[in-house]
1. Which numbered condition trips up B:Val56, out of (1) under 17 Å from B:Val69 (Cβ atoms); (2) of a type in the set (A, V, I, L, M, F, W, C); (3) at the interface with another protein chain (Cβ under 7 Å from one of its Cβ atoms)?
2. Among the residues of region B:81-96, which ones are more than 10 Å from chain A (Cβ to nearest Cβ) and either modelled with pLDDT under 85 or not in a helix (DSSP H, G or I) (or both)?
3. What's the number of the condition B:Leu105 fails, among (1) part of a helix (DSSP H, G or I); (2) under 18 Å from the mean Cα position of the chain (by Cα); (3) at pLDDT below 90?
4. Specify which of the listed residues (A:Asp531, A:Asp542, A:Asp470) is touching a strand residue (DSSP E or B) at 6+ places or on another chain (Cβ under 8 Å) and in contact (Cβ under 8 Å) with a residue 60 or more places away in the chain.
5. Would you mind telling me which numbered condition in (1) surrounded by 21 or more Cβ atoms within 10 Å (Cβ to Cβ); (2) in contact (Cβ under 8 Å) with a residue 40 or more places away in the chain A:Lys347 fails?
6. Given the criterion within 16 Å of A:Thr372 (Cβ to Cβ) and not hydrophobic (A, V, I, L, M, F, W, C), identify the matching residue among A:Gly518, A:Gly501.
7. When you go through (1) in a helix (DSSP H, G or I); (2) under 30 Å from A:Pro380 (Cα atoms); (3) not hydrophobic (A, V, I, L, M, F, W, C) one by one for A:Tyr171, which number turns out not to apply?
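The values are calculated or read from the model by the stated rules, or taken from the named source; none is laboratory data. Note that this is a predicted model, so its numbers are computed, not measured. Neighbour counts are summed over all protein chains in view; Cβ atoms, including those assigned to glycine, are modelled from backbone coordinates with ideal geometry.
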Amino acid sequence: MPLPSTETGGSKPEQVTTIIKKQPEVAQKVPGVQEKPLIDVLVNRDPDDPDSAIQKLLNPTPEAGEKSDFTSQKKAEEQYLVDTQGKYKGELDIRYADPSTKADYLQGQVTGYVEGVIGKASEKKSQEDDVKFSHEDTLIELSGQKFDQKTSGIVLAKAQERISVLFNSEYGSKSPEKQRMVAEQTKQYLELFSKAQTEGSLSNDISAGMVIRLVDENIGKLAYQDRKATENWLGDHGVRHIVGHNIDVSMKLADELERNGQKVSAVDRLMMHQIMIEHDMGYATDVVSKPINQGGFGADGGHNVLAAKSFREQAEDTTSPVGQVFSSEQAAIVHEGILHHDSRAVKFNLGDESPQAKKENVLSAIHVADNTHAFEKKLPEILYNHPDTLRIMRLMKTAGETGDDTSIVALRGQLISGIDKNSAFSDDDKTALKLAANMISKGSYERTVPRICGNKPEFEIDNKGVLTIDVTESAIHREVVGVFAQGQNEQLQKFLGDIAGIKNVDLRNVDSVISPEGTVVVKMRTGEGRDIEKTDYQMKIDELIKNSDFSSFVIEDADLAADQALLQKQAESSQDKSVQLEKVEAVKKMRRLNMEVYQDSQKERERIPEKGPEQIV
Amino acid sequence: MDPEVYRKKIESDILKIIEEKLKNGQMDAVRAKEIARMLLDRLHPPLTLEQIYTIVPTLDDNFNELISVTLPVMQEHDEKVRMIVTSHAEELIKSGRLDESLQILKGATK
């Protein structure tokens, strides 16, 4: 960029002079009726908050009820804290009051992350050509223009550039799959926005600049949540969860309602998108992510209320995109959807166009979508995108059960080294994944492996509004849980509890259940009826568990583990424990040796390339 | 200088102009709202100082009445740039790199 003129003291001083000369002398007049409310706004403005005054200039005399004060939403959050007091023992109240859960703070973190990635990309790109990912130029270009058919194309094109940098580049995350998902979601979001304007649910006066800001913020929230989710071992709450499952399923349920003749307006669908984008923001807050990343569990409890608080504060700020775009009624529905996103309440209304019925349909779709993301696509990123983690977890199980702390440390190192060598990851991916790798422990498999149970459920709503969910056991489920000596279909049991409120179902004798309210039926195909086809992920896992060296190790280790358990039990009831305990120690030693033999075979394969490494990276 | 404080100062200065002109009957409500919408689009937080200096010269493109706010900002920015360039050129002259010094000064006046 050329430096500005040093001779003239400005980039357009001559133009300035001309313009000033052209300014006509305007005689002083008395302000009209239209101007009076604006003058009142300016006279009474808060000198420290010019943004609010600017906002009020656009709407100086709002009609009663046009923008609520969100008092009832704040009360709903406080009620949530009261209702969960016993469960979280006051810890949630502390997190809720923490300054890091304020919308401004959280949005600052989102912006900081996005600007960091965009900044690196712009720096590199500007060396090659004049590509800029900042939207300032576009905002200037679109200034004063409304969001309409003409400007929506520019907004989408700019958003797609940003998505490619954040989700599929060396600077942010390197994932064509995530880029595709967010790009498609953003396109759909903008189409729904336009349609909602046509239907009269959103204002036609919204500026193109405001929509760019809204879409940028949404994309930023997705990128930041995805980054934070990659850092830990919780079930995914990044793009795979938010877009790949939750938004996708919400839209399918909306399609099912429409197939049954129930109108779902564009703004209803748009609100579903917005609820899902916001619903897990609580996980990304410092008060949740920091303790979770240090290996603690439980700090995520009640994350709903933190996300709801953040959204409410955005909606209260009349200068924010969310505050600008959504009416107070729409914002209230989004808030309720976020606050109770994991509720089991499901009631799909057909042939009822009342606002209450439409709201129940939106919220029911949210609950169903969130509660049905339970299987392999909900796996933590480290396990989903770096399948060798499964092998390391199995070795760690043996190391843990035989008290071999040295091997645990070494295996952790192997995992980190594998991530470093994996060219499918960007530097930022590696940084996040290594944080997760550092937290791998002998028991990491317990909560994660059971999720390798099924893939995407299927949904159908009948002409009475009853939802049927079809779940099929995945082709490799039994083999995978067998590797870890776990019970079959544990995750399916949990799934039935979350979605239908039914626990302890004997899946050997039951192939469908109905919720107590009669609104949800779950059909299960397990055992003989399980899937035959494998997903890409399942094929990778299948390759790993069928590896001859690995399966030999697992079979031998499983036998020895059974012996160890039996001897330990005998030692507990034996009078002369020392002999039994010596035997236990001998078995542990054999298990460690078995593991060493397996690892040596792997090293040998890596040393002799023609034999090929059998581990999956 | 804190960019957010600076951004708000610019907004406040513009609001003063709008207030004065509305009171004097030199601006109508439609014009005031157009300026407000333009400010919401362009001067929204967060902005870096560099972004502020890029955006401010465009604020008066369609609103001549804002020149008394935008011009001092542009002049202040130019003065800062001039000082940096001059200082750098002097350093180069002192170290005998006259050609490079001339190049920089030429570049600055382009």
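1. It is condition (3) that B:Val56 fails.
2. B:Ala89, B:Ser95, B:Gly96 - these are the residues of region B:81-96 that are more than 10 Å from chain A (Cβ to nearest Cβ) and either modelled with pLDDT under 85 or not in a helix (DSSP H, G or I) (or both).
3. Result: B:Leu105 passes all but (2).
4. Of the residues listed, the single one that is touching a strand residue (DSSP E or B) at 6+ places or on another chain (Cβ under 8 Å) and in contact (Cβ under 8 Å) with a residue 60 or more places away in the chain is A:Asp531.
5. That leaves (1) as the condition not met.
6. A:Gly501
7. Condition not satisfied by A:Tyr171: (1).
For (1) surrounded by 14 or more Cβ atoms within 10 Å (Cβ to Cβ); (2) touching a helix residue (DSSP H, G or I) at 6+ places or on another chain (Cβ under 6 Å); (3) within 20 Å of A:Asp137 (Cβ to Cβ), each residue gets a yes or a no:
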| residue | (1), (2), (3) |
| --- | --- |
| B:Ile14 | yes, yes, no |
| B:Ile18 | yes, yes, no |
| B:Leu47 | yes, yes, yes |
| B:Val69 | yes, yes, no |
| B:Arg82 | yes, no, no |
| B:Thr86 | yes, no, no |
| B:Glu90 | no, no, no |
| B:Ser95 | no, no, no |
